[in-house]
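Engineer: Mind having a look at this structure? Questions to follow.
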Amino acid sequence: MTTERVCTEDIQTFATDGVVCLRGVIEPDWIDRLLNGVEHTLANPSPRARLWNRDSEGRESRYDSQVWRTRPEYGDFVRSSPLGEIAGRLMQSSRVNFFFDAMFSRAPGTQFRTPFHQDEPVWSVNGFQTVSSWMPLVPVASSSALEVVRGSHLWDQTFEQPNFGALTRDARDQVVFGDDTVPIPDIEGNRDRYEILSWDMEPGDVMCFNGRCIHGGSGNLPDDRDLKVFNTKWLGDDVRVDFRKTGMDPDHSEAMTAVGLGPGNRLGTHLYPEVWTMQS
Ligand SMILES: O=C(O)CCC(=O)C(=O)O
């Protein structure tokens, strides 16, 4: 069904660059439903909701996560949208498990940018076949979109996450990273040394990147533009549970243990449903 949404060139680009921007792959009906979900989530924040930033003019950047099991719009999207299959084809995986969702909302004119970081090295799983998908629900210019350091998923080194707890000032976000982790290089201060990719995007477009890619940015919004983004994370064949001693964000170890998942296990259960399998 989705083969035409992902062509051979997209699969190659995802493998070499670690990121690909797919155009018009999500139908307008899904976007409308997800926008409703985001409005509801903003009005009824989950325990995982955070104020990431409020600038001197009161403009807020908000975040919420792992709401898909209680918000029907998100849950339907996880189970029935084409994105699970898209992720599977990009990863060249025989099956795909859903991991978790994240919502980012920035008020018009917000300048706040997310610090550059990697996803997979701080997740409670380990594996190369992962897709983080960044999906704006409103139009966004490349100067305000998420940025990805091309090819950084293939670097030998993975890095310690910047302290997001310093942004939220919330005790629950203070991740203690192990002594042997390496601080992330200063990408923002040395932009000319890296190839940084971003795109002008419309609702329906999705930026899919390997969870090991260094990414960050967004923000820089003009005064008449807000930004609402729905992110989803998808896992492929080689991913296994890993309770990392070097620190986890989000830390799923308790939830995983409660459903009988432990280090080395493949993902599954109702918390991480298998949403797609390759038909032979
Ligand atoms: O949209 C943002 O500001 C951050 C997104 C992000 O870090 C992610 O999707 O992993």
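The values are calculated or read from the model by the stated rules, or taken from the named source; none is laboratory data. What you are looking at is a predicted structure, and each value in this text was computed from that prediction instead of being measured. In this analysis, Cβ positions are derived from the backbone assuming ideal geometry, glycine residues included, and neighbour counts consider all displayed protein chains.
Engineer: Conditions first: (1) crowded, with 20+ Cβ neighbours inside 10 Å; (2) within 13 Å of the ligand (Cβ to nearest atom). Phe77 passes all but one, so which condition is the exception?
Structural biologist: With respect to (1) crowded, with 20+ Cβ neighbours inside 10 Å; (2) within 13 Å of the ligand (Cβ to nearest atom), Phe77 is out only on (2).
Engineer: Would you pick out the residues in segment 101-115 that are surrounded by 23 or more Cβ atoms within 10 Å (Cβ to Cβ) and not in a loop (DSSP other than H, G, I, E, B)?
Structural biologist: As a first pass, look at segment 101-115 and keep what is surrounded by 23 or more Cβ atoms within 10 Å (Cβ to Cβ): 101, 103, 106, 110.
Correct list: Asp101, Met103, Arg106.
Engineer: Still on this model: So if I check each of Val38, Val25, Val78, which one is within 22 Å of Val122 (Cβ to Cβ) and aliphatic (A, V, I, L, M)?
Structural biologist: Details: Val38 fails: within 22 Å of Val122 (Cβ to Cβ); Val25 fails: within 22 Å of Val122 (Cβ to Cβ).
Within the list Val38, Val25, Val78, the selection yields Val78.
Engineer: Restricting to strands (runs of 3 or more DSSP E) lying wholly in segment 186-251: which have 1 or more residues that are farther than 27 Å from Glu274 by Cα? Before the answer, list the steps.
Structural biologist: Details: elements: 206-209, 215-217, 227-235.
The strands (runs of 3 or more DSSP E) meeting that bar are 215-217, 227-235.
Engineer: Continuing with this model, one more query. What's the number of the condition Arg266 fails, among (1) at pLDDT below 95; (2) more than 27 Å from Thr41 (Cβ to Cβ)?
Structural biologist: (1)
Yes or no, residue by residue, for (1) touching a strand residue (DSSP E or B) at 6+ places or on another chain (Cβ under 8 Å); (2) modelled with pLDDT of 95 or more:
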{"residue": "Ser81", "(1), (2)": "no, yes"}
{"residue": "Phe100", "(1), (2)": "yes, yes"}
{"residue": "Arg106", "(1), (2)": "yes, yes"}
{"residue": "Asn126", "(1), (2)": "yes, yes"}
{"residue": "Ser143", "(1), (2)": "no, yes"}
{"residue": "Leu167", "(1), (2)": "yes, no"}
{"residue": "Arg172", "(1), (2)": "no, no"}
{"residue": "Val176", "(1), (2)": "no, no"}
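Engineer: Another question about this same structure. Among the candidates Ser218, Ser198, single out the residue that is within 16 Å of the ligand (Cβ to nearest atom), over 30 Å from Pro47 (Cβ atoms) and touching a residue at least 24 places away in the same chain (Cβ under 8 Å). Please lay out each step first, then the result.
Structural biologist: On the way: Ser218 fails: over 30 Å from Pro47 (Cβ atoms).
Exactly one of Ser218, Ser198 is within 16 Å of the ligand (Cβ to nearest atom), over 30 Å from Pro47 (Cβ atoms) and touching a residue at least 24 places away in the same chain (Cβ under 8 Å), namely Ser198.
Engineer: Please tell me if Pro162 is within 17 Å of the chain's Cα centre (by Cα) and either surrounded by 19 or more Cβ atoms within 10 Å (Cβ to Cβ) or part of a loop (DSSP other than H, G, I, E, B) (or both).
Structural biologist: On the way: within 17 Å of the chain's Cα centre (by Cα): yes; either surrounded by 19 or more Cβ atoms within 10 Å (Cβ to Cβ) or part of a loop (DSSP other than H, G, I, E, B) (or both): yes.
Yes; evaluated as a whole, the condition is true for this residue.
Engineer: Here is a follow-up. Across segment 36-75, what is the number of residues that are in contact with a Lys or Arg (Cβ under 8 Å, 6 or more places away or on another chain), outside any loop (DSSP other than H, G, I, E, B), over 14 Å from Arg172 (Cβ atoms) and among the basic types (Lys, Arg)?
Structural biologist: Here the count works out to 1.
Engineer: Would you pick out the residues in segment 145-154 that are of a type in the set (A, V, I, L, M, F, W, C) and more than 14 Å from the ligand (Cβ to nearest atom)? I'd like the intermediate steps shown before the answer.
Structural biologist: To start, the set of residues in segment 145-154 that are of a type in the set (A, V, I, L, M, F, W, C) comprises 145-146, 148-149, 154.
If the condition is that a residue be of a type in the set (A, V, I, L, M, F, W, C) and more than 14 Å from the ligand (Cβ to nearest atom), then Leu154 is the only one that fits.
Engineer: When both residues are 6+ apart or on different chains and their Cβ atoms are under 6 Å apart, which pairs have a first residue that lies in segment 126-144 and is under 19 Å from Gln12 (Cα atoms) and within 14 Å of the ligand (Cβ to nearest atom), and a second that is of a type outside the set (S, T, N, Q) and part of a loop (DSSP other than H, G, I, E, B)?
Structural biologist: So the pair list comes out as Thr130/Gly211; Ser132/Asp119; Ser132/Gly211.
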